[in-house]
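The values are calculated or read from the model by the stated rules, or taken from the named source; none is laboratory data. On a predicted model such as this, the values are computed, not experimentally measured, just so you know. Here the Cβ is made from the backbone with ideal geometry for all residues, glycine too, and neighbour counts use every protein chain on show. Please note that ligands, DNA and RNA were not included when accessible areas were found on the heavy atoms of the full protein model with its side chains. Shrake-Rupley method; radii C 1.70, N 1.55, O 1.52, S 1.80 Å.
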Amino acid sequence: MKLHGLTANVLCGGKILDEHSANVDEETATANCFVASEAGKEIHISLGNVSATSNVLVKAYIDGQYIMRKVVKAGKSSTVMEFRIDADTKQALVFANIEVTVLSDQMHMV
């Protein structure tokens, strides 16, 4: 994704994952998307700032949960591989198991 000179990609196994339902809003300076996941696989978030003069503050959320913020300096790039759980503990970014539940009594034909 690209927004105001910032690029962001989600990587798994060193490969950029395809973005689905990407939404970039220049007015609110927000961007989001979905990526295919595989339980237990570690991911990284690659950030790049193509601006020659402006630093960019990035706030990242996964599944609606705030995970980190990072300043990407002008003309630089950075990779996020973990997030802080508390003052002493960091955790890698890993896809969780997904549980799908179908409630047959709530399915109706119209």
Subject >> Top-ranked residue of segment 84-110 - restricted to ones that are in a loop (DSSP other than H, G, I, E, B) and over 30 Å from residue 14 (Cβ atoms), ranked as modelled with the highest pLDDT >> reply: 87
Original post:
Which members of segment 23-60 meet the condition of being over 11 Å from the mean Cα position of the chain (by Cα) and outside any loop (DSSP other than H, G, I, E, B)?
Top reply: 23, 24, 25, 30, 42, 48, 49, 56, 57
Original post:
Could you say whether any residue in segment 12-21 is surrounded by 13 or more Cβ atoms within 10 Å (Cβ to Cβ), aliphatic (A, V, I, L, M) and part of a strand (DSSP E or B)?
Top reply: no
Original post:
Could we say that residue 71 is surrounded by 16 or more Cβ atoms within 10 Å (Cβ to Cβ), part of a strand (DSSP E or B) and of a type in the set (Val, Ile, Thr) here?
Top reply: no
Original post:
Within segment 27-45, which residues are modelled with pLDDT of 90 or more, surrounded by 16 or more Cβ atoms within 10 Å (Cβ to Cβ) and not hydrophobic (A, V, I, L, M, F, W, C)?
Top reply: 44
Original post:
From the set of residues in segment 46-68 that are touching a residue at least 24 places away in the same chain (Cβ under 8 Å) and polar (S, T, N, Q), which is surrounded by the most Cβ atoms within 10 Å (Cβ to Cβ)?
Top reply: 49
Subject >> Pair list, Cβ < 7 Å and 6+ apart or interchain, from segment 70-81 residues that are more than 15 Å from residue 16 (Cα to Cα) to residues that are open to solvent by 70 Å² or more (accessible area, probe 1.4 Å) >> reply: 71/55; 71/57; 72/55; 73/55; 74/52; 74/53; 74/55; 75/52
**OP:** Would you mention how many residues in segment 82-96 are open to solvent by less than 80 Å² (accessible area, probe 1.4 Å), touching a residue at least 12 places away in the same chain (Cβ under 8 Å) and of a type outside the set (A, V, I, L, M, F, W, C)?
**Re:** 0
